[in-house]
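Only one structure is covered here, and it is reproduced in the block below.
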Amino acid sequence: MITNQLALIRRELWEHGSIWVTPTAVVFVLALGAIASFVAASGFGAAVDIAIIGASNVGDAERRAALMVALLLNTSVLLIAMWILTVFYSLDSLYAERKDKSILFWRSLPITDTEVVLSKLLTAVVLIPLVTFVAVVVSHLINLLLTSIWISFEGGSASHLIWGSVPLFDTWAAILVVMIAAPLWASPIIGWFLFVSAWTKRSPLLMAFLPIIVLALLEYVVFRSHLLFTAIGSRTQLINMPIFHGDPSVFFDNQNFQAHSQGFLSLLAQLDVGRFVTSPGLWAGLTVCGLLVTAAIYVRRYRDDS
């Protein structure tokens, strides 16, 4: 079972090149954006000199906080790309094999429908986040290196301003935990996409979102409420996951940023994995995901599109 799963996941990585092409392209664009911003900033020589002097004179806590926010802003772009990639992969994974008839070949192998569908689920929940995390680490290193080179050319000390203060390993550990937790929290949505991918005969994107929109509109017309949209939205926003000790948006709140930057911030210390693992919302979502994945296995097993 485990050997088959590893082989099937490698197959997904081979057949769906977007799993690694997408984050690679985003890393490249972010690097180009950093270079462009440095070239533009170099035109303001006096202002750059003042900024470097000011950054050199502030405390380590302030530099650490500023660098942490810069890393998180960089990560947010890759997180958005990860969500988009997960949506399109989940909707295409089971639909594409029927469309190109490759399902007939895979059914000739000693692999069960359960193993195939589970490999799609594991790819969406585990593989894509891990590949994205690797892209995050590479992007951080590239952008920090580019920043260091630019600061050195401008007469600043990169070892003091960047490498002596940047909380790399703490930030990476926190990002990895969140990237693993986020797909688990969103598992009902991923399960729904896999079911639609196994069931629909055409336009999986439309068939996935149209019923949700229609039901949400009916709910509003009949009950004047929007519980469905709220429930779905709570599963797609990281800030709603019960993994944070407090409100994570405080790090991006200009009014409170200075107060929080007075101490050495630790993103990892803001996470409560125990609270997340024991959250009823997590297990309710995993239960719904399990039911939808079971339905997808049933549909794949008994549907004959040959």
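Looking at the stretch 158-196, which of the residues that are over 30 Å from PRO211 (Cα atoms) and among the aromatic types (Phe, Trp, Tyr) is surrounded by the fewest Cβ atoms within 10 Å (Cβ to Cβ)? Give the derivation first.
Initial filter on the stretch 158-196 (over 30 Å from PRO211 (Cα atoms)): 158-177.
From what is left, the residues that are among the aromatic types (Phe, Trp, Tyr) are 163, 169, 172.
Values: TRP163: 14, PHE169: 9, TRP172: 18.
Checked the stretch 158-196; the qualifying residue surrounded by the fewest Cβ atoms within 10 Å (Cβ to Cβ) is PHE169.
Residues that are closer than 22 Å to THR278 by Cβ and at pLDDT 90 or above, at least 3 per element: which helices (runs of 4 or more DSSP H) completely within the stretch 139-249 meet that? Talk me through it step by step, then tell me what you get.
On the way: elements: 168-185, 187-199, 204-223, 227-236.
Answer list for the stretch 139-249: 168-185, 187-199.
Give all pairs with beta carbons closer than 7 Å in which a residue from the stretch 48-75 that is at pLDDT 65 or above meets a residue that is surrounded by fewer than 19 Cβ atoms within 10 Å (Cβ to Cβ) and polar (S, T, N, Q); count only pairs at least 6 apart in sequence or on separate chains.
Correct list of pairs: ALA61/GLN262.
Run down SER197, SER234 and say which single residue is out of contact with any Asp or Glu (no Cβ under 9 Å at 6 or more places or on another chain), of a type in the set (Ser, Thr, Tyr) and within 30 Å of ALA135 (Cα to Cα).
SER234
Being part of a helix (DSSP H, G or I), of a type in the set (A, V, I, L, M) and either under 16 Å from ILE9 (Cα atoms) or more than 14 Å from the chain's Cα centre (by Cα) (or both) is the filter here, so list the residues in the stretch 86-111 that pass it. Can you show your working first?
First, pick out the residues of the stretch 86-111 that are part of a helix (DSSP H, G or I): 86-99, 102-107.
Adding the requirement that they be of a type in the set (A, V, I, L, M) leaves 87, 91, 94, 96, 103-104.
Scanning the stretch 86-111 gives LEU91, LEU94, ALA96, ILE103, LEU104.
Select from the stretch 72-94 the residues that are more than 13 Å from SER18 (Cβ to Cβ) and touching a Phe, Trp or Tyr at 6+ places or on another chain (Cβ under 9 Å) and write down the one among them that is surrounded by the fewest Cβ atoms within 10 Å (Cβ to Cβ). Before you say what the answer is, go through the steps one by one.
So the first thing to find is which residues in the stretch 72-94 are more than 13 Å from SER18 (Cβ to Cβ), and the list is 72-80, 83, 94.
Of the ones still in play, those that are also touching a Phe, Trp or Tyr at 6+ places or on another chain (Cβ under 9 Å) are 72-73, 78, 94.
Details: LEU72: 17, LEU73: 11, LEU78: 24, LEU94: 28.
The qualifying residue surrounded by the fewest Cβ atoms within 10 Å (Cβ to Cβ) is LEU73.
How about the stretch 104-157: which of its residues are buried (at least 20 other Cβ atoms within 10 Å of the Cβ) and basic (Lys, Arg)?
LYS120
The values are calculated or read from the model by the stated rules, or taken from the named source; none is laboratory data. Treat the numbers as computed from the prediction; the structure is a model and nothing was measured. Backbone-built Cβ (ideal geometry, glycine too); neighbour counts: all protein chains shown.
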